[in-house]
Structures are given as structure tokens and as C-alpha cells.
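First the structure, in the form of C-alpha cells, and then the observations on it.
The values are calculated or read from the model by the stated rules, or taken from the named source; none is laboratory data. Predicted model, so just to flag it, every value in this text is computed and none were measured. Reconstructed Cβ throughout: ideal geometry from the backbone, glycine too, with neighbour counts over all protein chains shown.
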């Protein structure tokens, strides 16, 4: 049985064909078409990573089909589609925005249908989007470098830096599991980069970062505190960049935290 075409693919394809036939600026129009289609679809759906990826792929598919039907420049169309897909995902609410990275990667994956030139164009768009450094990463890295240069107790200072950065960011955001994981990863990334820049002990720095990330998440309100386990796991995942010794250190921190949580839950049951 033939798979039913998605509404997004159909809507995007038809809008692209219409735009080309009208002689509109194809790339700009495709940005607008895909942005609006993705935003509208995600706003009316339960947002999950799978949903975001599926909508991104469908939108890119529609754009490529529209380009084929009209013999428009496929590379230009896919580039516009990638920009629109990312933008539409970012505009479709906090949860979707936190998953925009997955939309970007799904769009790139889907662009392969349109040939090498199109893939290169989309790669540039995705690279530009993913390359935008988070404020948390930057703030943590700079603070770690400053602390090491001042000769402060690195591990203790890193706990403080990451705790404050995570707490501040989560207090000013709509807290979701995705947001908590993303902030934890960004904070750990900043700590590792700071350690690299100063040649500080990466294992000590990542250990301090893990403690600070968990602490900051716990202090950022009840909703964030309930998600601290995800922050701990995201920090551990992100620590892999710093090598095995760092991972072992962070594992110890995460294990200690999870055991403490278990203990609290068991006491509540009594």
C-alpha cells in the first residue's frame, strides 16, 4: 500500500510551485513557505523529537518536489527550505525551539535527495545555525579561564560558576526536560573548553561542573529540581569530550546524586 503523503509535503510543494510560476524571489519565498508550514504544524501537535524531525523532513521533501516540478534551482530552494524549517521550529514554542537542532539535522538528511550542491548549501545553513554558541557555554568558559588565571581553587570555583550559570538560565526560561538537558550540556561544554584553554586538570574541572550543574538545576525552582536527574545525565553525556578520566569523575558525581535521590524517595515512602 502506498504511503499517504503528509499535509506538510503537499502544502510546501504546491506553495513553491505557485511562487515560481508567479516569478517571486524563489529562495526568500521558500524560507517563508517552509517556516509557516513547520510552525503551524508543530503548534498544533504534541511536540517530540520524532515529530520535529518528521515535519522537517516532510517540509524539505515538499520543497525539493516543488523545485523539480518547476525546474527551479534545487540548491537555492533547499537552502531556503533549511532556513525556513529551522526558523519555523524555533518559532513554534519553547519545546520545539529546544529541538531545533534535530530539525536542522533532519532537513540536511532529507536534502540528500536533491544532489551534492543542494547538500552543500544546506550544510552551510545548518553549520551556521549549530555554530551559534550558547550564552551559557561562553559565560562558563570565560569564568573558568578567569578563575584559573587568578590561581583560585579550580574545582570549587567551577562548581560555583556552573551552578550560578545554570540556575540563572533556568530561572529565566520555561523549564522543560529538553531545556534542562540543553543548559546542562552547554555548561559542561563551557567548562571543558575553559579547562582546555588554560590546561587545567580536565577531570577536576568536569567533576566540579557536574556538581555545579546538578546544584544549579536543583536551585532553579521546583520544576527544574524535578528534572535534575536529566541534567545529571546530560552533563555525563557531555563530559565524554574530556576523556575517560573525566567521565569516571563525573560518573561518581552523578551516581552519588542519584543514590541520594533514591534515599530521599525511600524515606518519603516510609
_For residue 158, only one of the following conditions fails: (1) within 25 Å of residue 229 (Cβ to Cβ); (2) part of a loop (DSSP other than H, G, I, E, B). What is its number?_
(2)
_Can you tell me which condition residue 19 does not meet? The list is (1) farther than 16 Å from residue 108 by Cβ; (2) surrounded by fewer than 21 Cβ atoms within 10 Å (Cβ to Cβ); (3) at pLDDT below 95, and all the others hold._
(2)
*Can you name every residue in the range 102-138 that is closer than 27 Å to residue 197 by Cβ and either surrounded by fewer than 18 Cβ atoms within 10 Å (Cβ to Cβ) or in contact with a strand residue (DSSP E or B) (Cβ under 6 Å, 6 or more places away or on another chain) (or both)?*
127, 128, 130, 131, 132, 133, 134, 135, 138
*Would you mind listing the helices (runs of 4 or more DSSP H) fully within the range 164-270 where at least 2 residues are over 22 Å from the mean Cα position of the chain (by Cα) and either without any contact (Cβ under 8 Å) to a residue 40 or more places away in the chain or more than 21 Å from residue 153 (Cβ to Cβ) (or both)?*
244-269
*With the checklist (1) over 28 Å from the mean Cα position of the chain (by Cα); (2) modelled with pLDDT of 95 or more in hand, flag the one item residue 56 doesn't pass.*
(1)
*Could you identify the single residue in 82, 97, 139 that is touching a helix residue (DSSP H, G or I) at 6+ places or on another chain (Cβ under 9 Å), more than 20 Å from residue 39 (Cβ to Cβ) and either assigned to a helix (DSSP H, G or I) or in contact (Cβ under 8 Å) with a residue 60 or more places away in the chain (or both)?*
139
